[in-house]
Amino acid sequence: MRIGIDKISIYDYECSINPKLKEVVERANGVKEVASIKRELFSMTYNYTLTETDRGLSETCFNKLTFNPNKILRGNNIENSSIQELKEALEKLETLLEKEGIIVDFSNAKIADIEINLNLPINFNEYFEVFLLFAKQHLNYAKGIYSITNAERINEFKYDESLFIPLSKNTTFKIYSKDRESNLPYHLTRLEYCLETSSYKYQCEKYGVDNSLNYLLSSKDFIETLFKERLKKDFIFKMFDYLEKEVKPILESKYKIFKQNNALARQTGRKEARDVYRYLEQYWIFDYTFLIELVERYNSKNKGREVKRIREKYSKHNNLQKLNFILEIIFPH
């Protein structure tokens, strides 16, 4: 399990294309050459413009090449690619392009878009509440996608597949079931940053480096650092803060109201409500230890009995353990 590269787009590289692949468009004040080449392992756009102006001839050229290193090396994108594997993929890509009649020089290439991800050996649905905690930090933008099944039980009619969390115009964070997407015989969940257009360049500038391909190829730790630091800022710190300031206070408030209503019922001879913990399940318990905290704070008289009951019946709400498992993979001690 590693933080690595999935899809990547580069530009500003030198390029010579077979005339058969280009379309020439004559214009009143010049000429334009365009090409859009799509293959199984890469896609490429080429745009060259020669314009006559009052000051003489002016030329502009923009190329963009998009590919997945692991697809080039292994034929799929189930795993991500290391920096070394990116180098190997670029070498193979040059050969593939040359066979197409395209000669490239990546010496001055820059990175336009990049997907950086981490695969986790976990079941997306079993960890869905943890992933919801990620999404809760960006409520106005987060969206979920689910699939419909042919099950008979209504609670099995659908299963969740992915969460998309736009963080800005050009940055999206995705959590999704890679095993369902690729029809794998084992569980695999992917956490992925998609940095598009100027987003990657902006991140580089924050670290005092440029978005050149050469820098990326010479720095084995930059991708990992970028992923981890963004994750901390965008989610991790906010998530624990959300649990303390939102989830726990709501549980505490509802617990106290339930107990107060029962006390009033005893005073007036009415029947008391039963099972405060089942009542709290209509809210977000998130973790059974939050219930134990309530008992320790408000029911010390029956603490032993209640804690035992919580552990027996509500330990299925063990999302802190799941969250810590994920964090241990990302931030190992």
Roughly how many Å is it from the Cα centre of the stretch 17-70 to that of the stretch 260-333, as a whole number?
63
For His333, His138, give the ranking by accessible area with the largest first, probe 1.4 Å.
His333, His138
Top of Pro185, Pro249, Pro166 by mean-square fluctuation, Gaussian network on the chain, Cα under 10 Å
Pro185
Starting from the Cα of Lys178, draw a straight line to each of the aspartates and glutamates and keep only those under 13 Å, dropping any in the same chain fewer than 8 residues away.
Asp6, Glu79, Asp160, Glu161, Glu192
Give a residue-ordered list of calculated ³J(HN,Hα) values for the stretch 28-36 (Karplus: 6.51 cos²θ - 1.76 cosθ + 1.60, θ = phi - 60°; whole Hz; x for Gly, Pro).
4, 10, x, 9, 10, 10, 10, 8, 10
Of Lys303, Lys64, Lys322, which has the largest mean-square fluctuation in a 10 Å C-alpha GNM of the chain?
Lys303
What FRET efficiency, computed as 1/(1 + (r/R0)^6) with R0 = 56 Å and r the Cβ-Cβ distance, is obtained for Asp105 and Arg278, rounded to the nearest 0.05?
0.25
Taking placed amide H atoms and a strict 5 Å upper bound, the residues 5 or more places from Gly30 or on another chain that come that close are Glu52
Order of exposure, largest accessible area first, which applies to Val295, Val34, Val24 with probe 1.4 Å
Val24, Val34, Val295
Give the ranking of Val31, Val276 by solvent-accessible surface, highest area first, calculated with a 1.4 Å probe.
Val31, Val276
Residue by residue, what Karplus-based ³J(HN,Hα) values in Hz, rounded to whole numbers, does the stretch 233-246 have, using 6.51, -1.76 and 1.60 with θ = phi - 60° and x for Gly and Pro?
5, 6, 9, 4, 4, 5, 5, 5, 5, 5, 4, 6, 9, 10
To the nearest Å, what is the center-to-center distance of the stretch 192-250 and the stretch 140-181, using C-alpha atoms only?
22
Just tell me which aspartates and glutamates come within less than 13 Å, Cα to Cα, of Lys22; anything on the same chain fewer than 8 places away is out.
Glu33, Glu100
What does the C-alpha gyration tensor say about the overall shape of the stretch 166-253? Classify as rounded when a/c is under 1.5, otherwise prolate if a/b is larger than b/c, or oblate.
oblate
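Translational D (Stokes-Einstein, µm²/s) of the chain at 25 °C and 0.890 mPa s when Rh comes from the Kirkwood sum over C-alpha pairs?
Details: Rh = 23.9 Å.
Estimated via Stokes-Einstein, D reaches 103 µm²/s.
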Explain nothing, just compute: Karplus ³J(HN,Hα) = 6.51 cos²θ - 1.76 cosθ + 1.60, θ = phi - 60°, for every residue of the stretch 125-141 in order, whole Hz, x for Gly and Pro.
5, 5, 9, 4, 5, 5, 5, 4, 5, 4, 5, 4, 6, 9, 4, 5, 10
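For the chain, what is the accessible area per residue in Å² when the probe is 1.4 Å?
Working: 18920 Å² over 333 residues.
On a per-residue basis, the chain sits at 57 Å².
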Amide H to amide H, which residues 5 or more places from Arg2 or on other chains are under 5 Å from it, using H placed in the peptide plane?
Asn119
Could you work out what % of the accessible surface of the chain is carbon and sulfur, using a 1.4 angstrom probe and leaving DNA, RNA and ligands out of the count?
47
Listed residues Glu272, Glu181, Glu246; largest mean-square fluctuation, Gaussian network over the chain with Cα springs below 10 Å, found at Glu272
Test item: Cα-centred dipole of the stretch 241-333, Lys/Arg +1 and Asp/Glu -1 on Cβ, debye:
700
Which value at 222 nm does the chain reach when only helices count, each DSSP H run of 4 or more adding -39,500 (n - 2.57), with the total divided by all residues and rounded to the nearest 500 deg cm²/dmol?
-11000 deg cm²/dmol
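The values are calculated or read from the model by the stated rules, or taken from the named source; none is laboratory data. As the structure is a prediction and not an experimental result, all values here were calculated from the model. Because the Cβ atoms are built from the backbone with ideal geometry, glycine has one as well, and the counts that use them run over all protein chains shown. Protein only, heavy atoms only, side chains kept; ligands, DNA and RNA dropped before computing areas. Shrake-Rupley method; radii C 1.70, N 1.55, O 1.52, S 1.80 Å.
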